[in-house]
1. Can you tell me which residue within segment B:62-109, out of those that are within 11 Å of chain A (Cβ to nearest Cβ) and charged (D, E, K, R), is farthest from residue B:189 (Cα to Cα)?
2. Please specify each residue of segment A:1-26 satisfying the condition of being more than 8 Å from chain C (Cβ to nearest Cβ) and under 21 Å from residue C:68 (Cβ atoms).
3. Kindly establish whether residue C:211 is over 23 Å from the mean Cα position of the chain (by Cα), at pLDDT 95 or above, surrounded by fewer than 23 Cβ atoms within 10 Å (Cβ to Cβ) and closer than 18 Å to residue C:272 by Cβ.
4. Checking the condition within 14 Å of chain A (Cβ to nearest Cβ) and acidic (Asp, Glu), which residue from C:622, C:596 passes?
5. Which of the helices (runs of 4 or more DSSP H) contained wholly in segment C:684-769 include at least 1 residues that are out of contact with any Cys (no Cβ under 9 Å at 6 or more places or on another chain), in contact (Cβ under 8 Å) with a residue 40 or more places away in the chain and β-branched (Val, Ile, Thr)?
6. Please list, ordered by first then second residue, the pairs with beta carbon atoms under 7 Å, 6 or more apart or interchain, first in segment B:39-61 and touching a residue at least 12 places away in the same chain (Cβ under 8 Å) and within 13 Å of another protein chain (Cβ to nearest Cβ), second surrounded by 14 or more Cβ atoms within 10 Å (Cβ to Cβ) and of a type in the set (Phe, Trp, Tyr).
7. State all residues of segment A:27-51 that are touching a helix residue (DSSP H, G or I) at 6+ places or on another chain (Cβ under 6 Å), more than 9 Å from chain C (Cβ to nearest Cβ) and aliphatic (A, V, I, L, M); if no residue qualifies, say none.
Amino acid sequence: MSADESPTAILRLTLNGRARSATVAQHRTLLDALRFDFGLTGTKECCLVGECGACTVLLDGRGVDSCLVLAFEADGADVVTVEGLAGDEGLDPLQQAFLDHGAAQCGFCIPGQLVAARALLEVNPAPTRADVEEGLAGNLCRCAGYEQIVEAVLDAATRAAGRGTHRSPESLADPAATPDATTAPQ
Amino acid sequence: MRPFAFLQPQSVREVVDHLAADPDARILAGGTDLIIGLRDGSVRASSVVDVKRVGELDGNIRAIDGGLAFGALTSMTDIAADERVRTAWTALAEGAAVVGSVQIRNRATLAGNACNASPAADTTPALLIFEAVVVVMGPDGERRIPIDELFVRSRTTTLRRGEVVLRIEIPAPSGRVGSTHARRTRRRGHDLASVTIACSVHESGETRLAFGSVGPRPILVRDDTGMLAAAETDDAERLPILDRLFAEAAPSPRSMRASPEYRQAMLRVLGLRAIAVARERVAGAAA
Amino acid sequence: MTTATTAPPDGLVGASPNRSGGIERVTGRQAYVADMPLEGALHVRLVTVPVARARILSIDAAAAFQLPGVALVMTAADLPDPMPRFGPQFRDRPVLAIGETKFHGDPVAAVAAETLDLAEAAAALVKVDYEQLPAVVTLEDALAPDAPLVQDPALRSGDPLAATNVLREHRYGWGDVDAARLGADVIVEGTYDFPMVTQFAIECHGFMAAPDGDGIAIWSSIQHPYWLQRVIASLLELPLAKVRVYAPDPGGAFGGKQHAKYEPLLAFMARRADRPMRLVLSLEETFQAVRRGAWRVHVRSGFQADGRLAFREVDADCLIGAYADIADRTVVKGSYTSAGPYVIPAVRINARSVLSHTVPSTAFRGFGNPQQIWATESNLDEAARVLSIDPVELRLRNLASRGQEFIPGDTPADGIWAESLQRAAERIGWTSPPSAGRGRGIAVGLKSGPTTGLSYATVRLLVDGSVVVAAGTSDMGQGARTIFAQIAAHELGAPLGWVSVVMGDTAVVPYDQQTSASRSSVLMGNAILAACREIQSKVRAMAARLEDVPEARITVDAGRVRLAAEDGGDARELPIADIVARGLGRLGGEVIGLGESRKEADPDHPLGGTSAFYEFNCTAVELAVDEATGDITILRHVIVSDVGRALHGAQVRGQDEGAAIMGLGHTLMEHYLFDDEGRIRNLGAIDYKIPTTLDLPRRIESEVVENGDGPGPYGAKGMSEGALLCVAPAVAAALRDATGVTIRDLPLSPERVWRALQEREPGVEAGAR
């Protein structure tokens, strides 16, 4: 099959809460369909091998690398991108916390970070720092604003639970005292 | 990416028929390996058959005769989170928990990981120690393939053209078992392993070890003497036993992830550590 | 350069308001180049050959043209003869490879088609006949007497080194090293290797070009839009005013987006096809577009018995790529400060940039200094052991004090550097021993700031008191936009949210030399400050007229107009906005200020100018080593940076901690691997690993030293590179402390540490700091 005869079909999905459809080439990835066919460019492209997480979206509630999902796998599914995080009342608590903690530097990885964080909080509304580190390990940030990103996610979880602002890093326990401080990598 | 036709058959029969009709068709389950291959050109497909809408296939983990059956679509996330797997088949839960990132684990399937036959696959050593059986449907009907007979070499299995995995079964353990999974990577964040190992210790004293990334396919070995698991054995005594068991390890000198010497050395280190953990767990299971 | 004001910051400057552009970044609305629609644009893909160096015999595009929708296949034959070349230091880079490819990924052709799929398919159909040629990819290969030459000597006419692969050799120094060597009590030497690593901005480079009237428009995720404008104007023989460069905020740059890469190719293609063109590199192509220079550094340091440095000799060979880009300048700036922040009476530095058939190396956060500091600070730590002097004490005995001219002829030390060192040592608990199996290491990093600079800014105070700042800096994550808004808001009394900062369009924003060397807060900051000062002076005149008070009795500062009473009684204060609204009158309008900030060149200086400021950082780490596997776990990572004044606390922290973690990447895991054909084996994210959230230190602690002694607004210095400079030597020192093992190659990967532990001589012990 050559490039000029790519079969297309109509893709129908719920995108950020709205029913949407578009005619899409069958070999499109969900990432390309979002960016090119639905015009939602908040979802970013970087590695295209599922390593960087810049293209993370929620597919039926779960965080996935949209570069490794074909568009039609999402046919009929519920897809949420960074553009769908904010609600009618304004920014999602995660978005607000990212702003307040200065978690966004260049910002390119941030849509993926936010969606991955949202996925995490959906299943684990009160994560530990280790949970956040694991939950966001699939999202590379080369500005390496990881400390502020992790703090923002913890803070957002605390805010959502109505427990005020998350404690400052200074109040964290001495890591040398944590029992798993020398755990080897897998 | 080169264009292809995308199909979402509703039945296993349709899948099998299509695979028989189109030799260049590829099955898509989680897609986390296939789509990389399609994009980089290492995999060519005239059609991609998404099996996620097949009525007979699902992502459920069912209890069967004291064992478990993993539907062909069972994701790594669900395996890592399943209490039964975590308790009784811990090595599999731990292996599934380190496949890629959360995003990858949400898509990648156990069946896909096995069929892809990567020597570095994280769940295949566990499937080997638990004597999993891959149940497939093909043009000639259903077939049960013991997992040890599935792998040939990297990216090559004994699956025949037109066969599709229905489920993977793990039999009931014959007694108390403690198990664990260990691996070596270049960083703590997700990575392809340079050594993978799964280890189980049975209350009878039998130790099973399955190791990957150190040869063209993962290998299962057993110590039936009880020496490896015995409390009286010290690590210095275990090492020569391990060296005999690991004799078939043949890491590629061409790999960029680690040298053969390092892999061989880490196989011993991880072997000892895994045995210690599995022993502790089988003892804990008794308590 | 503008003199700094020492006015104490109010609640705005020095506070941490939310980032300007932050809302866009958390909602997905921030548009990077790849997100920008360009009506009618053709998609471009590059055509390469799968070897490093090849003679191009023929290129046959017939099959590619068979595909409908393929509009253009550009080869060297379609470009002017002689081939147009460009480069920031040497005009050595062809728009497309001509005759010979010089590195794996050097494009020989480019295809433009209606869709990306078509362009990819067509690129695969371009048939390139080539003959593989021997390539040099290591220093040994490149410096061998019979090595094939990377650059055609014809390009280097008159250059005595033209018959070698040495692009430039640089010699610096002072004092009598030979005499000092005889007088030294202890001499410590070693050779250190720093491998090739890549910037790995998460935004892969994106480029677009479009015919624009009788000129051309370029979009690029570029740090230096005005430099790019000059390159394009020169190549296309257009006046500057006919080249409009749009420079949307880069999605990370780290030096890798300073200079032109494929913008010239796209410009020629756009003109040839009379269509807009767009090219977004894949991550793999990005690896083949930018990297850091690999250095091998031999350091020999001599000491008096009391630890005072007597001399230092540094021989650095830097393996740069096939085209010079800005690499030789990184060799110059990285090697020139090889004495570090220390007072050393005799220094001899010899540095060479060596061409190879590899990806052209370019600027990367630290600009040559991390490589040199890896060597010199490791050497100092090894010397501390030989001298039996505590590494902190050894450094304190040698550090330059503020005002001391530690590099003859250059800017004197501009900070109390001992304070950073002492605070880091104190925070990590240096004087108490680490628990068993752990080690601590400490190191300092010094980097010379910009040596020349020119920034203009316009600030417009509008009739309602809101402000528009136009500044040619690229905000690539460092947060320049926020800093600029803070300065203008503070000076003109506007709420922060009433300040707009316009960047990234050479047609509307005045000239800025470049965004590099952590310069923008200082140089552009001062330009904005100067523009605000001009507005303040106009407001003063306005106030004099409106209030009928002599100008001598009026001061305008920090957004307030202060009218001193004639008799020395209570002064009246009015907001600037009140005066402006009344002063502009019924027609409204605005008050415009133009600011200019210069750092003049000094042609006699080895760097072409003295340092505008120094970045100084001290890093201390505590780690644990799994001796069976070689794994390093960083338990604590302490950063203290001398920033002069933190203009935005949260952003300063983000820069410092981000630089530290990026530094852990090259320290622990990053490097290019090559095959026998000179191809990068670990091309892409699967086998080139950078730190994730799971690779962070267990605890990272950052502090700043703020003595207001920088040349920027309110005493600020640039600071975005400091915390990366000395990560590697600090970690290696801690590894030595924990295990007794010394490793002089990076990265300190588990396997490398394991090997070193296997080879550890009996009797070598940990500790002994």
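1. Top of the filtered list is B:78.
2. Result: A:1, A:5, A:7, A:8, A:23, A:24, A:26.
3. Working: over 23 Å from the mean Cα position of the chain (by Cα): yes; at pLDDT 95 or above: yes; surrounded by fewer than 23 Cβ atoms within 10 Å (Cβ to Cβ): yes; closer than 18 Å to residue C:272 by Cβ: yes.
Yes.
4. On the way: C:596 fails: within 14 Å of chain A (Cβ to nearest Cβ).
So the residue among C:622, C:596 that is within 14 Å of chain A (Cβ to nearest Cβ) and acidic (Asp, Glu) is C:622.
5. Working: elements: C:722-725, C:727-739, C:750-758.
Per the criteria, C:727-739, C:750-758.
6. So the pair list comes out as B:45/B:4; B:46/B:4; B:47/B:4; B:48/B:4; B:48/B:6; B:50/B:6.
7. Result: A:30, A:31, A:33.
Okay, residues lined up against (1) among the basic types (Lys, Arg); (2) more than 7 Å from chain C (Cβ to nearest Cβ); (3) in contact with a strand residue (DSSP E or B) (Cβ under 6 Å, 6 or more places away or on another chain); (4) surrounded by 24 or more Cβ atoms within 10 Å (Cβ to Cβ):
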| site | (1), (2), (3), (4) |
| --- | --- |
| A:53 | no, yes, no, yes |
| A:56 | no, yes, yes, yes |
| A:62 | yes, yes, no, no |
| A:67 | no, yes, yes, yes |
| A:71 | no, yes, yes, yes |
| A:75 | no, yes, yes, no |
| A:78 | no, yes, yes, no |
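The values are calculated or read from the model by the stated rules, or taken from the named source; none is laboratory data. Given the structure is predicted, the values throughout are model-derived calculations rather than measurements. Don't worry about glycine lacking a Cβ; one is built from the backbone with ideal geometry, like all the others, and counts go over all protein chains shown.
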